[in-house]
Amino acid sequence: MSDEKKGSTAAVQYLAFKLGNEVYAVDVARVREILDFPPITKVPRTPEFMRGVINLRGSVVPVVDMRLKFGMSMTEKSVNTCIVVVEALVENELTTIGALADSVQEVIELDPGSIEPPPKIGSRIKVEFLKGMGKIGESFLMILDIDRVFTSNELSLVKETAIVGKDLVGSDNYTD
């Protein structure tokens, strides 16, 4: 079963989204849904890139500002700002995370041949976060490896934030 994926030459679909002027993508198989920018409850004593938690149909989902995570300025709310709800592997367990993005572009299909290895220099993010660079016409998009965007310590923090967030959801501090 896993050998199928390793040697696969089939095209893969990616959800493209913008952070600033740059286009990123994540495998659609890891995307659960896309949400408008809902109220976010800040969780005390978390890193700046952890914007807080949201209530997603009764489940607490931690929200990460991807711009802050990648060393950009904080995401400002606009008509296009959204949360891409993804599943990342944390200690062999899928964990739901909301990734704040400036806008969602489209679902694109890329053949393995149109994906190049990440550059060694000149990228705003560390290359270990990248599966590769997708070539679309004359432009590129950065394909994220969602399981490697966060360190294991950060993902543990994401899980803890969700647990603390459950307490906030039931309190007067929750702003949903």
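The values are calculated or read from the model by the stated rules, or taken from the named source; none is laboratory data. Note that the structure is a prediction, hence the values are computed from the model and not measured. Cβ coordinates were reconstructed from backbone atoms using ideal geometry, including for glycine residues, and neighbour counts include every protein chain displayed. Keep in mind that these areas ignore ligands, DNA and RNA; they rest on the heavy atoms of the full protein, side chains included. Shrake-Rupley method; radii C 1.70, N 1.55, O 1.52, S 1.80 Å.
Could you look through the stretch 54-74, keep only residues that are outside any strand (DSSP E or B) and within 15 Å of Ile34 (Cβ to Cβ), and pick out the one that is least open to solvent (accessible area, probe 1.4 Å)?
Step one: list which residues in the stretch 54-74 are outside any strand (DSSP E or B), which gives 57-58, 66-74.
Filter again for within 15 Å of Ile34 (Cβ to Cβ), leaving 57, 66.
Details: Arg57: 175, Met66: 3 Å².
Going through the qualifying residues, I end up with Met66.
Only one of (1) open to solvent by 50 Å² or more (accessible area, probe 1.4 Å); (2) among the β-branched types (Val, Ile, Thr); (3) within 21 Å of Asp27 (Cα to Cα) is not met by Thr95, so which one is it? So Thr95 meets the others, but not (1).
On inspection, Ile125 passes the criterion of being in a loop (DSSP other than H, G, I, E, B), aliphatic (A, V, I, L, M), open to solvent by less than 70 Å² (accessible area, probe 1.4 Å) and at pLDDT below 70.
Within the stretch 79-92, can you find the residues that are surrounded by 19 or more Cβ atoms within 10 Å (Cβ to Cβ) and within 17 Å of Ala16 (Cβ to Cβ)? Reasoning before the result, please.
Pass one, the stretch 79-92, residues surrounded by 19 or more Cβ atoms within 10 Å (Cβ to Cβ): 82-86, 88.
Across the stretch 79-92, the qualifying residues are Cys82, Ile83, Val84, Val85, Val86.
Annotation for the stretch 36-50: at least one member residue is modelled with pLDDT under 95, outside any loop (DSSP other than H, G, I, E, B) and open to solvent by less than 10 Å² (accessible area, probe 1.4 Å).
Against the list (1) among the acidic types (Asp, Glu); (2) surrounded by 13 or more Cβ atoms within 10 Å (Cβ to Cβ); (3) at pLDDT 85 or above, the condition Glu116 fails is (2).
Looking across the stretch 33-86, the residues that are more than 14 Å from the chain's Cα centre (by Cα) and among the basic types (Lys, Arg) come down to Lys42, Arg45, Arg57, Lys77. Residues that are touching a Pro at 6+ places or on another chain (Cβ under 6 Å), modelled with pLDDT under 70 and within 24 Å of Phe37 (Cβ to Cβ) do not occur anywhere in the stretch 139-155.
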